[in-house]
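Working notes for the structure below.
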Amino acid sequence: MGYVLHFQEIDQTKVAVVGGKGAHLAELSQIEGIRVPAGFCVTTDAFQRVVAQASSIDDRLDRLSRVKPDNREAIRALSAEVRQSVEGIAIPDDLAAEITGSVARLGEQAAYAVRSSATAEDMPTASFAGQQDTYLNVLGPAAILQHVSRCWASLFTERAVTYRLRNGFEHRKVQMAVVVQQMVVPQAAGILFTADPVTSNRKVVCVEASFGLGEALVSGLVNADVYKVRDGEVVAKTVATKRLAIHAAPAGGTEELAIEPERQEQPALTDAQIVRLAQLGRRIEARFGHPQDIEWCLADDGFQIVQSRPITTLFPIPATSDQENHVYVSVGHQQMMTDPMKPLGLSLWQLTTPRPMSEAAGRLFVDVTRALSSPASRAGHLKALGRSDPLIGDALKTILERGDFIPILPDVDSDRTPAGGPPAPIETDPAIVAELIERTQTSIATLKRDIRTRSGSALLDFILADIQELKRLLFDPRGFQVFMSAMEATWWLNEQMQAWLGEKNVADTLTQSAPHNVTSEMGLALLDVADVIRPHPNVVAVLQNVEDDGFLDELPTLAGGREARDAIRAYLDKYGMRCVGEIDITRPRWSERPTTLVPMILGNVKNFEPCAGKRRLEQGRQEAWKKEQELLARLRALPGGEQKAEETKRMIDRVRTFIGYREYPKYGMVSRYFVYKQALLEEAERLVQAHVLGEKEDIFYLRFQELHDVVRTGQVDEQLIRQRKDAFRSYQALTPPRVLTSDGEAIAGAYRRDDVPAGALVGLPVSAGTIEGRARVILDIAQGDLDAGDILVTAYTDPSWTPLFLAIKGLVTEVGGLMTHGAVIAREYGLPAVVGVEHATELIRDGQRIRVHGTDGYVEILP
């Protein structure tokens, strides 16, 4: 077989032979009206043949695959050794002759670009952009051969090796082809995105352009002109001052040249050229079926395309059956779970919730177009969504203010319960909450008893039927009345106390240590576990070196170990169904991975005195009671004070009695999910034994109905599971927007406030007070090594983070609203908190001193 393929001999089926770039260029050259400089590919067979001559490479690749991605010294040393080995291998004569013969066919006098084309590059899920090398203006056959060797070696640059380690690609599975292509000497060059890279809007084409070769722009040497095109018209234009250009040097390679002053401010392209280029971009996008990142050159008033790859950073758009405009709101931002969910988790959550939901990149979205189209329902929806997350509210207002995206419909019955409408009044009676909790506990006990006898299809039918019971409890009108009346009373207290007494957010203190809050009780109960362990230094020492989840069975051999084990097990019996991202049934629970709890237990041993849990609870009660007495006394001193005090007392009683139940329905749901999960994994084990599945966790990549079919038929589509595993990995790299349109535009929203100091980070105030301290930026709860008095800064918190709240004195999150879990628990524990602070984990560095203004909703980074 030959080692060279010309573009006309290549199609998309040959990626393994010519790499991503080679296959894309070949396909581009076959699109009508698209000009691609002539060229050929030196195949991966040539690379494999040459590398096979260096026996030392195998051992070094083994060592490289074991290196951690952040061990830069080891990567640098090993990758340099591999590169030297590859560059030092002589190209066999027959292979060299085939390459130089192909150059002669195209023209030996021409200049060439010699470009790396790896097999794992320019893919929809990983672009590998800029990871391997390209050489421009290479002159003569000998130089071309030398640069082919350099391209092969560039598969092992430090940055390429690190990229593969971080993204889970095996070094041996990625092969290198090389593209040899005639050079274009352009007047201008640049990049074209067929979707706006800033907003992700698929209807907007974005063109970046500079004079000379595009290398000046790609390398960041110059600022580019930026043009935006929509519907065949230039809608925005930023012309940069372009002082330098890169040109082909007469002796080969490239050189930087200054641009004459009178041309520096001139646009690199005319409007007509910009529109023509955008049309070419749309043609290329249509061929590949995915938004493209395209490199182009302009020579002799004609455009030539030198590369096209998928844009891998765009968040996908939920699929619809119509061509209408749609506006989607992220469910994850309201559920404190912005990570992707696996298919089983997605489908079970959709079975649990009454509203239809759209999916994209493993996340769920609610289509709010209809509610916003109707004048009757719009105000209520905006108010409710804005209350839960002001950035969502502002993003929706931004779309409405444009006036060109959401049609205004005549009023329809768009939603029978208008968002934000007050619930029917309910008497303030603690027995109501006790009865609701008792009903849930009895129902879960019945589920645990009855599910034991089910297997096969009968098990999945049983779970499907039990989900109706779950929904009945979750959306019980009486339960809804309880926590909605508590929330309404909270808002009333905050508004009226500010109006009557000039004091902000008083309800934050009044809700401390409220009864029946299962999540805050869970945090305090872990303090009790620490109390059992603290007197036994040998148990503490063993826990500090725990490596696997079998540690509980080993504890009884130590003095105090049996008591420690029993305390942890009792805690897991009550709270072990919880975990980070718990709305996804596929996520590992504390009971399945008890090591997750160990750092939190050790933190409690280190940071607290004995009986701290009871003291914290009592301290919160006292502070709430004192606040109540103080407010009532101040109100009675006002005109009409007795009536104001009486009404306020009624609202305080309502909040104290009912607000704790806000956390319970989710606890009930997650408890049920864990029962389902244990039964489904037992069923999966039977499928593994019957050789239907490769491993138990494969069921996580099937939707509930698909799993039902697999159990019924004993057959599974293994390719589907593989595809979904790959897709899930790619989804993890994407950040979901709060609000997304059917044009793909991600709308962030903003806090429109002028009462915040310059340079402060703005967010939503959810728990009053001001606190200073050391910021601990923690993205993984397992790394939660906190000292007493730290301020926790993280992306989002859900109930599983609650035990960490005991050690901290303030909270900052990127996601959250007034009634999300982090806010509720921060108030319960009396921690100043600001949530919804965009990019907080990037803007605040771990260890910096910060001041959290929980009453006014901003964070200052201190010198």
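The table below lists the values:
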| read-out | value |
| --- | --- |
| Candidate lysines for bridging to Lys242, where Cα separation is under 25 Å - those fewer than 8 sequence places away on the same chain excluded | Lys228 |
| Computed magnitude of the charge dipole of the chain (debye, nearest 20; Cβ of K, R +1, Cβ of D, E -1) | 1400 |
| Hits among aspartates and glutamates - C-alpha to C-alpha of Lys649 under 20 Å, sequence gap 8 or more where chains match | Glu427, Asp429, Glu488, Glu495, Glu503, Asp508, Glu623, Glu628, Glu630, Glu828 |
| Whole-percent carbon and sulfur share, accessible surface of the chain, 1.4 Å | 50 |
| Accessible area of the range 1-71 divided out per residue, in Å², using a probe of 1.4 angstrom | 46 |
| Length-normalised contact order for the chain - Cα pairs under 8 Å, 6+ apart - percent | 12 |
| Virtual spin-label span in nm between Trp491 and Asp429, 7 Å along Cα→Cβ | 2.6 |
| Probe 1.4 Å, accessible area per residue of the range 718-858, Å² | 36 |
| Ranked packing of 314-325, 240-251, 588-599, most packed first, by mean Cβ within 10 Å | 588-599, 240-251, 314-325 |
| Charge dipole (the chain, unit charges on Cβ, about Cα centre) - positive-most of Trp296, Ser520, Ala379 | Ser520 |
| Test item: Cα-centred dipole of the range 1-154, Lys/Arg +1 and Asp/Glu -1 on Cβ, debye | 400 |
| Under 5 Å, built H, 5+ apart or other chain: amide partners of Gly212 | Ala188, Ala189 |
| The range 276-347, accessible area per residue, ligands and nucleic acids excluded (1.4 Å, Å²) | 37 |
| Given Lys203/Lys725; Lys383/Lys626; Lys68/Lys342; Lys342/Lys574; Lys342/Lys677; Lys677/Lys725, the pairs whose alpha carbons are separated by over 22 Å | Lys203/Lys725; Lys383/Lys626; Lys68/Lys342; Lys342/Lys574 |
| Ranking by accessible area, most exposed first, for Thr199, Thr557 with a 1.4 Å probe | Thr557, Thr199 |
| Shape metrics for the chain, restricted to C-alpha atoms - Rg then Dmax, Å | 31.2, 102 |
| Other-chain or far-sequence residues with amide H under 5 Å of His6's (modelled H) | Cys41 |
| Tilt relative to the chain, helix 561-575 - C-alpha long axis, 0 to 90 degrees, to 10 | 90 |
| Simple spin-label estimate for Arg752 and Thr254 in nanometres, 7 Å along Cα-Cβ | 4.5 |
| Relative contact order (%) - criterion: Cα under 8 Å, at least six apart; region: the range 578-694 | 26 |
| Backbone HN-Hα couplings from phi across the range 252-264 [Karplus 6.51/-1.76/1.60, Hz, Gly and Pro as x] | x, x, 10, 9, 8, 10, 6, 8, 4, x, 5, 9, 4 |
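The values are calculated or read from the model by the stated rules, or taken from the named source; none is laboratory data. From a predicted model like this one, the values you see are computed outputs, not experimental measurements. Cβ sites come from the backbone with ideal geometry, for glycine too, and all protein chains shown count toward neighbours. Ligands, DNA and RNA are stripped out before the accessible areas are found, and what is left, the full protein with its side chains, is counted by its heavy atoms. Shrake-Rupley method; radii C 1.70, N 1.55, O 1.52, S 1.80 Å.
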